[in-house]
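Here the structure comes first, spelled out in structure tokens, and everything after it is commentary.
The values are calculated or read from the model by the stated rules, or taken from the named source; none is laboratory data. Note that the structure is predicted; figures quoted are calculated from it, not measured. Reconstructed Cβ throughout: ideal geometry from the backbone, glycine too, with neighbour counts over all protein chains shown.
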Amino acid sequence: MNQPQIKRLIQKATAALNAGAYNELQNLCKQILSVDKNQADAWFFMSIVAEAGRQSGHALQFIDRALQIDPYHGEYLAQKAKLHSLLYHYREARDAAGKAIESGIDRAIALDTLGVVLTRLGDYEAACSLLQKAVKKEPANPQFQFNLGSAEQFLGHDETARSAYENAISLQPDFSRAYWALSELEKNQASPGRLDQLLKLHESQSTASLDRLYLAHAIAREYEKQGDFDKAFTFLKNGKQQRKKEIAYSVDDDIRLFEKLKQVFGTKPLEPATSDALDGRSIFIVGMPRSGTTLLERMLSTHSRVVSLGELQELPRAIKHLSGSHSPFVLDEETIASAAQKNTDLLGRTYAEMLADRVQPGTRFIDKLPLNFYLVGFIMASLPKAKVICLRRNPLDTILSNYRQLFALNFSYYNYHYDLADTARFYAEFDRLMTFWQKQFGSRIHQLHYESLVNKPEQSVRNSLEYLELDWEPECLDFHKNEGGVATASASQVRQPLYSSAVARWKKYEKHLAPAMEVLDKAGIYYC
């Protein structure tokens, strides 16, 4: 095969890529590489095919082959950054993204890719700059508009975010996820707006299953604004039931994980590390999602000696790496059992090394991944000076708030929230696990109630700072003036002064909560 023939195959491969014909694309690339293994574009295309097949590890190998041939190609570097971010390799993703930007990359698709990567990395200002350039180059691309809206929303630029979401919808009138994003952005606004439009879309027979899930959540928000909580709950229930069937989820799988933790740590506590690799600088805020963890994070990170690094994945990754487990999940029974046998000093050092380029000497930092409540035993053993604050909230408010929320669809640890009773059973297991950790570690864990934080903020923050051995600073109560980005479902709420309207919200839905109450009653958990 001569070079003109290879060139024609590359052109066909590019057309197949643009058409989303991945099987054809893969076959064309195999033809090319069977003749010339130095065709970098073919390796790049193979990486995209593997990524589409959710084989991120193989995709990374393919893009590395492309970069061996052409190390400074901006689009290859952008793809490498994207894959590392999907695999939670944040340091590597940041490095590849920086090199891609330095290459002078200017194609809209690559700019958008890098913007999404930087959004995942929490660098929202830089992300917005890249996403704005992508939109400027291709203003008619609805996905680019949506991605810009997300980054602007994380920065608290609500009007800019709204404009981008509305642009996405005007370009793609059935863009269900954009409608949902708008409903999240506007959830604290009193006036309803798009109900008729949302209902029409939801009723369309051509609407895909995931789109119906997004629309169900957006419609529920609209009915809530009208005070029609019966209809709000009905749409939530119908949308979530369908999703649960599709993923074939059973809460029993999660319960086995809780039981394994109590078994492993109850049988033989881990040998504490001989030293703290972070010298007591780490602050872990844990708890059920939607229990006030973001609010506390904003308050504490307003302190002059504290910064927040957001919801980090480094600790689960460090545990997985140390365990040597090759199971497909970051955290599972095999990983827990194996990691518990490993050297705790090594775990602490591994976690510290992962954060080395993000943690400044002498600065306390917050790792606010709520689900780190699973890992309290590992935290206490590997980082003996670490501080752990657990947020608690009224059980029914916690369960309802999780149920009302739509978490990341590709993150299996949130699968409980597609069913009300499952959410209650998950909460009951969380409650048992935190009781277990509290018995083991006592005052090393500081428990704080959301209701106290809202109703007595100064006393609650003073108590937390005392536990952290930090001086009181009144600026902590001005958390809503904190301009740092927020990438959680509480992004809008924490930019407002404290309000108590979320306390006892469950009473508005009381007649629908019998399945949750039954679970809590059986578990002996008080909720009124």
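Structure values in brief
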{"item": "Matching residues, region 259-300, being under 20 Å from Leu470 (Cβ atoms), part of a loop (DSSP other than H, G, I, E, B) and not small (Gly, Ala, Ser)", "result": "Asp276, Leu278, Asp279, Arg281"}
{"item": "Some residue of region 80-92 being more than 18 Å from the chain's Cα centre (by Cα), modelled with pLDDT of 95 or more and either farther than 28 Å from Phe329 by Cβ or assigned to a helix (DSSP H, G or I) (or both)", "result": "yes"}
{"item": "Residue within region 349-372 that is in contact (Cβ under 8 Å) with a residue 24 or more places away in the chain, buried (at least 17 other Cβ atoms within 10 Å of the Cβ), in a helix (DSSP H, G or I) and among the acidic types (Asp, Glu) present", "result": "no"}
{"item": "Matching helices (runs of 4 or more DSSP H) fully within region 150-248 where at least 3 residues are in contact with a helix residue (DSSP H, G or I) (Cβ under 6 Å, 6 or more places away or on another chain) and under 21 Å from Thr119 (Cα atoms)", "result": "158-171, 176-185"}
{"item": "Residues that are surrounded by fewer than 16 Cβ atoms within 10 Å (Cβ to Cβ) and assigned to a helix (DSSP H, G or I), drawn from region 442-461", "result": "Gly442, Ser443, Ser452, Asn455, Glu458, Gln459"}
{"item": "Residues satisfying the stated conditions in region 131-168, i.e. buried (at least 20 other Cβ atoms within 10 Å of the Cβ) and without any contact (Cβ under 8 Å) to a residue 24 or more places away in the chain", "result": "Leu131, Tyr165"}
{"item": "Exclusive hit being touching a residue at least 60 places away in the same chain (Cβ under 8 Å) and either closer than 17 Å to Glu353 by Cβ or aromatic (Phe, Trp, Tyr) (or both), set Leu309, Leu295, Leu331", "result": "Leu309"}
{"item": "Region 57-98: number of residues that are free of Cβ contacts under 8 Å to residues at least 60 places away in the same chain, closer than 19 Å to Leu312 by Cβ and hydroxyl-bearing (Ser, Thr, Tyr)", "result": "1"}
{"item": "From Gln5, Gln68, Gln31, residue being part of a helix (DSSP H, G or I), over 20 Å from Asn410 (Cα atoms), at pLDDT 95 or above and of a type in the set (S, T, N, Q)", "result": "Gln68"}
{"item": "Condition check for Gln438: at pLDDT 95 or above, surrounded by 15 or more Cβ atoms within 10 Å (Cβ to Cβ) and among the polar types (S, T, N, Q)", "result": "yes"}
{"item": "The listed residue being modelled with pLDDT under 95 and in contact with a helix residue (DSSP H, G or I) (Cβ under 6 Å, 6 or more places away or on another chain), out of Lys342, Lys368", "result": "Lys342"}
